[in-house]
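What follows is a single structure, written as C-alpha cells, with notes after it.
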Amino acid sequence: MMVVVAAALGVHAPAHAQGAAPAAAPAAPAAGAVDAAAARKLYLTRSCIACHGKDGKKAIQDYPELAGQRADYMVAQVEDILSGKRVGGPDASGNPRAKGMRGALIAPDGARRVTADEVKLISSWLASLEPVKPAAAPTPPAPDKLAAAEKMYVEKCEACHGPKGAAPQEGFPLIAGQKKAYIVAQMTDIKSKARANGQSEAMLPFVAELSDADIDLLATYISAQDPTSK
Ligand code: HEC
Ligand code: HEC
C-alpha cells in the first residue's frame, strides 16, 4: 500500500530489492541539462541495458534502438508498456512483444521497479545521445524499388515523421535508421491494431491499405536513412 501511494504521488518508493535506488530523488535538472551520470546509472540498475544495449544502441534481437529517440515519445511509451496499454503483436516465441519489458519492470506484486521520474530522466538522457548510424542493407533494393519506396514515403508518411523519417512532428517518433525488423513489426502491429496506444490511431489510415510487400519495402527504405539528417 505504501508503495502504491508513494508511486501515485510520484515519490521515490524504496521498492528496489537490491538497494539500487538512488539515495535521494535527483534534483530537477535545469531546462536542457541532463544529469548524464545519474541517468546512465539508472539505465543500468533498472535493467534497460540488458535489452536496449549500452547507451541505447545495438539493442538485442529486433528490439528498438533508443539513442536519439524523442524524450516525450519515450516517456509516453514506457508508461504505456508499464500500464499494459501497449502490448504489441506476438514475437517469434508467441508472446506479446512488450511482455518481457513489462515483466522486467513490474514486480509480481504490481510494484514498479522504475519510478515515473526515473523514466523521465533516462528518456531525456537517451534523447541527448547520437542515434545509431544505419548499416548498409545486406541486399540493397534495386533503384526502381527504392524510388517507389521514397515516393510512397513522401505521400503517406512524411507529414508526420518528417523528411526521410528524421524530423518527426512534436511527440511523434524518430524512425530513420531504426532496425528494419522493428519497423516492420510496428507497422504491422499498428495496422492490425495489436498496437493501439497513444496516437497510433492517427497513423492507422496510412498503413491500413499497405500490403506486406509495401511494408517491407518502406521499412527497408526508412531503416537505411540517416537519423541525423534534417
Ligand atoms: C526484457 C527486455 C526489456 C527491458 C528490460 C526493457 N525493455 Fe524497453 N522494450 C523492449 C521491447 C521488446 C520493446 C518493444 C516492444 C514492442 O515491440 O511492442 C521495448 C520498447 C521500449 C520503448 C519504446 C521504443 C519505441 O521506439 O517505441 C522504450 C522507450 C523503452 N523500451 C525504454 C526502456 C527503458 C527506459 C527500460 C528500463 C527502465 C526498458 N525499456 C527496459 C524490451 C525491454
Ligand atoms: C498522421 C500521422 C502519421 C502518419 C501519416 C504516419 N505515422 Fe507512423 N506514427 C505516428 C505516431 C503518432 C506514432 C506513434 C504512436 C504512439 O503514440 O504510440 C507512429 C509510429 C510509427 C512507427 C513506430 C515507431 C516506434 O519507434 O515504435 C513506425 C515504424 C511508423 N510510425 C512508420 C510509419 C510509416 C512507414 C508511415 C507511412 C506509411 C507512417 N508511419 C505514417 C504518426 C503517423
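What you get for region 45-120, charging only the Cβ of Lys and Arg (+1) and of Asp and Glu (-1), is a dipole of about 80 debye around the Cα centre. Simple rule: put +1 on each Lys or Arg Cβ and -1 on each Asp or Glu Cβ in the chain, find the dipole, and look at Ala135, Gly171, Ile215; the Cα lying farthest toward the positive end is Ala135. As a proxy for reagent exposure, Ile106, Ile175 were ordered by neighbouring Cβ count within 10 angstrom, fewest first; the result is Ile106, Ile175. Working note: 222 nm ellipticity from helices only, DSSP H runs with n ≥ 4, each -39,500 (n - 2.57), summed and divided by the residues of the chain, gives -13500 deg cm²/dmol to the nearest 500. When each of Val87, Val119 is scored by the number of other beta-carbon atoms lying within 10 Å, the sequence from fewest to most is Val87, Val119. Computed on the chain, with alpha-carbon pairs under 8 angstrom and 6+ residues apart, the relative contact order is 22 percent.
Sites count as exposed loop sites when they are GluC sites (Glu not before Pro), lie in a DSSP loop, and have at most 15 other Cβ atoms within 10 angstrom; the longest stretch of the chain without one is 1-169. Straight-line cross-link reach from Lys145 at under 17 Å between alpha-carbon atoms covers these lysines, not counting any fewer than eight positions away in the same chain: Lys156, Lys164, Lys180.
Since every read-out is calculated from the coordinates, none of them should be taken as a lab result. Not measured: the values here are computed from a predicted model. A quick note on method: Cβ atoms are made from the backbone with ideal geometry, for glycine too, and the neighbour counts reach across all protein chains shown.
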